[in-house]
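Here is the structure we will look at, set down as C-alpha cells.
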Amino acid sequence: MNGYGGKILRVNLTTGKIAKEPTPVEVARDFIGGRGFGAYYLFKEVPQGADPLGPLNKLIISSGPMSGLMIPGAGKCDFTTKSPLTGGYASASMGGHFTAEMKYAGLDSIILEGISSKPVYLFIDIEKIELRDASEYWGQGTIEVEKQLKEKFGEEFQIAVIGPGGENAVSYACINHDFGRQAGRGGVGAVMGIKKVKAIVIHGTNSIPVADTKTYRQAGKALYKACKDASFLAEWTRYGTTVVTSWCDEVGALPTRNFSAGSFEDGKNLYGPVMREKIVITDKGCFGCPSPCGKYSRSKKYDSYVEGPEYETIGLLGSNLGISDIEAVAQANLLADDAGIDTISAGNAIGWAMECYEKGILTREDTDGLDLHFGNIEATFELLGKISRKEGLGALLAEGVKKASQKIGKGTEKFAIHVKGMEQSGYATHNATAMLLAYMTCDVGAHHNRSWAITYDIQVGRDLVVPEKVARVIWLQNFRPMFDVLGGCRLQWVELGIDRELYITALDAITGIHRSWDDYEKVGERIWNLTRMFWVRENAGFDRSWDMPSPRFYEEAPESGATKGQITKIEDVHRLLDMYYEQRGWSNEGLPTSDRLVELNLAELVA
Amino acid sequence: MTATILTSSVLKELLDGKNEYEVEAGYSVRDTLLKLNINPELVALVIVAGVQRSKDYIIQEKDVLKVMAIIGGG
C-alpha cells in the first residue's frame with residue numbers, strides 16, 4: 001500500500017512470540033493510520049472490562065501515511081491504550097523521530113500484548129526484532145537510559161523509554177523520546193511499565209512506497225515553501241508554544257493556584273521572552289520540521305539542561321502551583337521527564353494537594369512533613385519524586401486527582417480539576433464556553449489538543465452559548481486530530497496558517513487515493529464516535545454526567561485577574577451539552593445512536 | 001503619517017482577508033485594533049522591528065508591525 005510501511009508488528013510479552021501481519025487494506029481505508037489504527041485495534045482487540053494494568057490490555061503504537069516523508073512535521077506517533085488513569089480511551093501523540101524509523105522498518109503499528117515476566121526492551125532493526133533483557137536499565141531515569149542506549153546502538157536508532165513512574169504504574173506515567181518529547185497523557189507509560197517493557201529501540205532503512213513520486217516531491221516542496229514564507233515563522237520559532245503564556249495571563253486563561261484564577265500576579269516572570277532570555281540555549285525540532293517549537297534550556301541555578309518547558313508545563317508546574325521562577329519550572333520539567341510522568345497531570349495533582357493543605361484538609365502529618373503552601377519550589381521537586389516512586393502522599397497523588405479526591409473526600413472533589421478522570425490541561429475555562437465544551441467532550445478527558453477553541457470564544461463572545469460555537473468545537477474535534485491520524489504535526493497549519501489544501505495534493509500523491517478534507521473529516525467523525533463507544537462499553541452507566549467539568553468553572557468565580565467575578569452558569573453548561581449531543585446525532589445522555597453508527601460504517605465493529 | 005500592520009489567520013479574516021493593512025501612526029496598538037473592530041484580546045504578540053511591544057505601544061510613522069493571534073494552543 002502506498003504511504004504505508006505495510007506491516008503490523010505484534011509482540012506477545014507473555015509468550016515472547018513476535019509476529020508480523022500485513023496492514024489490512026480495509027482498516028487503512030476506514031481509519032487511515034495513527035490514532036485511527038489505535039482506536040480500531042483497541043476497540044476490536046481489548047476485551048470489555050479488561051484491567052488497564054492487566055495482561056489483556058494492549059499498547060498500540062502507530063505511524064500514519066504522512067510519517068517519515070518529506071512533509072513539514074511528519075514525525076508524529078500515536079500511543080493508544082485503555083487508560084489506567086480514566087478507565088476509558090487514551091491516545092497520546094509524541095513528536096520526534098520515532099515514527100519515521102517505524103516506517104523505515106516497514107511498520108505501521110506495533111502492538112504490545114500480555115505481560116513479560118522480567119524487564120525487557122524491544123529491539124527492532126528492520127527484520128531483526130528481539131526482546132532483550134533490560135534488567136540493567138530498570139529503575140533508571142529516562143534520560144540516562146536513552147543516553148546509554150544511544151551510545152550502545154548509535155545515533156540513528158530512535159528510542160522510546162519509560163522512567164520509574166512507568167515502572168511503578170503511576171496512573172499518568174508517560175513515554176519519553178529524544179530527551180524531551182513525550183507521549184504524555186492518559187498513563188500510556190504505566191501500561192508499558194506494567195508490561196515490563198523499559199524501552200523500544202528502533203531503526204529502519206526501507207523506502208516508503210509513494211504512488212506519484214514527482215507530484216509528491218513538488219507538493220512537499222510547496223508545503224515547505226509555504227512555511228518558509230509564513231509571516232510569523234520567525235516569531236513562532238523563537239518562542240514556540242510559550243508565545244501563548246503572556247496572552248493566557250492577559251485573557252484569564254493561565255491556570256493559577258489550582259485553577260482558582262486565570263491570571264497570575266507574578267506571571268510576567270514566566271512569559272516567553274523572559275524564558276528565551278534567561279534560559280533558552282537553542283531551538284529543537286522533530287523529524288522534518290521547518291518551525292521547531294522545542295526550546296532547549298539551561299538552568300544555571302540548578303546546573304541542568306532540559307528540553308522545555310513548553311507552555312503546558314509552564315502553566316501547570318508554574319502558575320498553577322504559584323511558582324514564578326522560570327528556572328524552577330525548567331527544573332521541575334526535568335525531574336518529571338526523567339521520572340517519566342506527565343507534567344500536566346502532575347501539576348494538577350500537586351496543585352490539588354497544595355489547595356488541600358492551605359485549606360487545612362491535609363496537614364504536615366499527611367504530607368510527610370512537607371510544607372505544601374502554593375509557591376513552595378522544593379516541596380514541588382520532592383513531590384514529583386514521591387509520585388514517581390508512589391511513596392507517602394505521592395502514592396495518593398499518583399492515582400490522579402479524581403481518585404485522590406474521592407479517597408480524601410471533605411469536599412475536595414470540587415476542586416479536583418478533571419473531566420472523566422483526566423486532569424485539565426493549561427487553559428482556565430471560567431468564562432470561555434467553547435473551550436469549556438471542548439474539555440468536557442474531549443475523547444480522552446480534559447485535554448486541549450483535539451479542539452482549541454478559546455480564540456473563537458474571544459472572537460465571538462466569551463459567555464455566548466449558541467449552536468455556532470458548538471459546531472466550531474465539533475468541526476475542530478473532527479479535523480484537528482486527523483493530523484494525529486495521518487502521523488503529522490498540526491502546528492504548521494494552525495499557527496503558520498498554511499493552506500490546508502497543500503496537504504491534500506501531497507497526500508493524494510503519496511497514497512494514490514484522492515480524498516478531500518471533507519473525506520478526512522468524515523474519518524475523524526468515525527474515529528470520534530468509535531472512541532465514544534469505547535467509553536460507553538467500558539463504563540457501566542456512562543451518561544452525560546461523565547461530560548461534566550470541574551464545579552470550579554460553574555460555581556466559583558475567580559477573585560482576581562482578568563476573569564474576576566466571571567463564571568459559566570450551570571444551565572449554560574447543560575445547554576452546551578444539549579446542543580453538542582444534538583449536533584453529534586447522539587442521545588440526550590450523550591450516547592451515539594444506532595443510526596449514527598450505521599451511517600459511519602461502525603455498526604459491525606461496535607456490535 | 002502611516003504605518004503597516006502584518007497579520008495572519010483570524011486577524012486576516014477580520015481584515016477582509018488582507019495580510020497587510022495600512023494604519024494611521026500616532027495611536028496605540030490597542031486603539032488601532034479597536035478602530036479596526038478587532039478585539040485587542042485576540043492579539044497575543046506585537047513585534048516591531050524584531051522587538052516585542054505591548055499593546056500600549058504608540059505606532060510610529062513607517063513602522064511595520066507584526067500582529068499575531070494564536071489559534072492552535074500549546
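Geometric descriptor of the range A:236-316, per residue, is 96 Å³ (volume of the convex hull of the Cα atoms). Per-residue SASA remark: A:Leu437, around 0 Å² accessible (1.4 Å probe; ligands, DNA and RNA not included). Cross-link partners for A:Lys569 among the lysines, with Cα-Cα distance under 25 Å and sequence neighbours closer than 8 places in the same chain left out: A:Lys402, A:Lys410, A:Lys414, A:Lys420, A:Lys469. Its Cα gyration tensor gives the range A:525-607 an equivalent ellipsoid. The semi-axes, each the square root of 5 times an eigenvalue, are 32, 12, 10 Å from largest down. Against the compact-protein benchmark of 2.2 N^0.38 Å, the Cα-based radius of gyration of the range A:410-496 scales to 1.14.
Counting only other chain Cβ atoms within 10 Å of each residue's Cβ, the peptide A:269-281 averages 1. The share of alpha-carbon pairs in the range A:1-143 lying farther apart than 19 Å comes to 53%. Shown for the range A:170-231 is the translational diffusion coefficient from the Stokes-Einstein equation, using the Kirkwood radius over Cα pairs, a temperature of 37 °C and a viscosity of 0.692 mPa s: 213 µm²/s. With the gyration tensor restricted to C-alpha atoms of the range A:301-427, the semi-axes of the equivalent ellipsoid amount to 22, 15, 13 Å, longest first.
Across the range A:154-283, Cα-Cα distances exceeding 21 Å account for 68% of all pairs.
Could you work out the helix-only [θ] at 222 nm for chain A, with each DSSP H run of four or more residues adding -39,500 (n - 2.57) and the total divided by the number of residues, to the nearest 500 deg cm²/dmol? When only DSSP H runs of four or more count, the value is -12000 deg cm²/dmol. Solvent-accessible surface of chain A, taken per residue with a 1.4 Å probe and all protein chains present: 32 Å². Taking a ≥ b ≥ c as the square roots of the eigenvalues of the Cα gyration tensor of the range A:230-275, is the shape rounded (a/c under 1.5), prolate (a/b larger than b/c) or oblate? Judged from the Cα gyration tensor, the range A:230-275 comes out prolate (a/c at least 1.5, a/b above b/c).
Values of log10 I(q)/I(0) for chain B across q = 0.14, 0.22 Å⁻¹ run -0.36, -0.94, by the Debye formula with one identical scatterer at each alpha carbon and no solvent.
Among residues other than A:Arg462 with Cβ under 12 Å from its Cβ, the summed charge is -3 (Lys and Arg +1, Asp and Glu -1).
The calculated P(r) of the range A:565-607, using every Cα pair and 10 Å bins from 0, goes 27, 38, 20, 11, 3 in percent.
Using a/c under 1.5 as the rounded threshold, could you call chain A rounded, prolate or oblate? The axes a ≥ b ≥ c are square roots of the C-alpha gyration tensor eigenvalues, and prolate needs a/b larger than b/c, oblate otherwise. Rounded, because the longest to shortest axis ratio a/c is under 1.5. When the surface is traced with a 1.4 Å probe over the full set of protein chains, A:Thr23 keeps roughly 10 Å² accessible.
For the range A:421-460, a decrease in accessible area of 30 Å² or greater in the assembled protein chains relative to the isolated chain, with a 1.4 Å probe, applies to A:Trp452, A:Thr455, A:Ile458, A:Gln459.
A cut-off under 15 angstrom between Cβ atoms defines the neighbours of A:Lys278, and their net charge, with Lys, Arg +1 and Asp, Glu -1, is +2. Of the accessible area of the protein assembly as shown, computed with a 1.4 Å probe over protein heavy atoms only, carbon and sulfur atoms account for 48 percent.
So which residues in the range A:219-267 end up with at least 10 square angstrom less accessible surface once the other protein chains are there, compared with the chain by itself, probe 1.4 angstrom? Residues losing area: A:Ser231, A:Phe232, A:Glu235, A:Trp236, A:Tyr239, A:Thr241, A:Val243, A:Val244, A:Ser246, A:Trp247, A:Glu250, A:Val251.
For the range A:361-457, just say rounded, prolate or oblate: build the C-alpha gyration tensor, square-root its eigenvalues into a ≥ b ≥ c, call rounded for a/c under 1.5, and beyond that prolate if a/b exceeds b/c, oblate if not. It comes out prolate by the Cα gyration axes.
Taking other residues whose beta carbon is less than 11 angstrom from the beta carbon of A:Pro119, and scoring Lys, Arg as +1 and Asp, Glu as -1, yields +2. Above 28 Å lies some portion of the pair distances; for the range A:398-554, what is it as a whole percent of all C-alpha pairs? That tail contains 29 percent of the Cα-Cα pairs. Legend: mean number of C-beta atoms from other chains within 10 angstrom of residue C-beta atoms, peptide B:35-41, equals 3. On association of chains A and B, roughly 2200 Å² of accessible area becomes buried (total for both chains; probe 1.4 Å). To the nearest 10, the accessible area of A:Phe374 is 40 Å² with a 1.4 Å probe.
The values are calculated or read from the model by the stated rules, or taken from the named source; none is laboratory data. Please read all numbers here as calculations on a predicted model, not as lab measurements. For neighbour counting, all protein chains shown are included, and Cβ atoms are generated from backbone atoms with ideal geometry for every residue, glycine included. Note: areas computed on protein heavy atoms with side chains; ligands, DNA, RNA excluded. Shrake-Rupley method; radii C 1.70, N 1.55, O 1.52, S 1.80 Å.
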